[in-house]
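A short write-up of the structure that comes next.
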Amino acid sequence: MDYYSSIAKGYDELHKEEQLKKLQIIAKHIKPKGLLLDIGAGTGISTSFFKVKAVALEPSEEMLKQYKGEKVIGKAESIPFPDKSFNTIISITALHHADIEKAIKEIRRVSKDNCIYAFTILKKAANAIEIKKALKKAFNLKELDEEKDYILVSS
């Protein structure tokens with residue numbers, strides 16, 4: 001059993017407050033529209049934060065069991081949706097687990113024109129700086145200040 005499956009039942013207790021803090025910062029800078037994709041959605045904390053139609057994408061079935069909305073088992077490197085499916089794409093503290101070049105290709109592919117983005121990257125992740133640079137370049141994002149994560153949003 002992988003780490004996230006093993007902590008799925010207690011995930012919200014461990015991380016919900018921290019995630020909500022990041023989401024509140026993000027909400028001051030973007031207004032999601034249309035269909036939202038949450039990559040690495042975990043238990044759906046961020047998926048349900050914005051009051052728009054949303055899909056949780058998460059590789060851990062145990063984590064997804066906690067979320068009651070629309071959900072799909074999958075990874076950022078191969079998003080199981082057609083081209084140009086989403087108006088808003090978010091990923092809260094998950095992309096440091098992905099092959100970022102493959103993830104960027106997939107995010108671009110499933111993004112509608114004028115898609116809104118919000119990503120957070122764990123500062124402690126070994127590849128955090130590289131991921132931040134790649135995302136900022138690929139999606140023309142601005143960086144917001146937060147204690148534990150780099151927060152990148154559509155400018």
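The values are calculated or read from the model by the stated rules, or taken from the named source; none is laboratory data. Being a predicted model, the structure only gives us computed values, none of them experimental. All Cβ positions, glycine included, derive from the backbone under ideal geometry; neighbour counts span all protein chains shown. These accessible areas exclude ligands, DNA and RNA; they are computed on the full protein's heavy atoms, side chains included. Shrake-Rupley method; radii C 1.70, N 1.55, O 1.52, S 1.80 Å.
Solvent exposure of VAL72, expressed as accessible area, is near 40 Å², computed with a probe of 1.4 Å over the protein chains only.
Amide H to amide H distances under 5 Å link ILE116 with THR88, ILE89, where only residues 5 or more positions off or on other chains count and H is placed in the peptide plane.
Tell me whether region 51-134 comes out rounded, prolate or oblate; compute the Cα gyration tensor, take square roots of the eigenvalues as a ≥ b ≥ c, and use a/c under 1.5 as the rounded threshold. Since a/c reaches 1.5 but b/c is at least a/b, the shape of region 51-134 is classed as oblate.
Listed values for region 133-150 are Karplus-derived 3J(HN,Hα) couplings in whole Hz (6.51 cos²θ - 1.76 cosθ + 1.60, θ = phi - 60°), namely 4, 5, 5, 4, 5, 5, 10, 6, 9, 9, 9, 10, 8, 7, 5, 9, 10, 7, and x replaces Gly and Pro. Split the accessible area of the chain by element, probe 1.4 Å, and carbon with sulfur accounts for 51%. Surface analysis of region 25-155 yields an accessible area of 48 Å² per residue, using protein heavy atoms and a 1.4 Å probe.
Packing, taken as the mean count of other beta carbons within 10 Å per residue, orders the peptides 21-29, 39-47 from highest to lowest as 39-47, 21-29.
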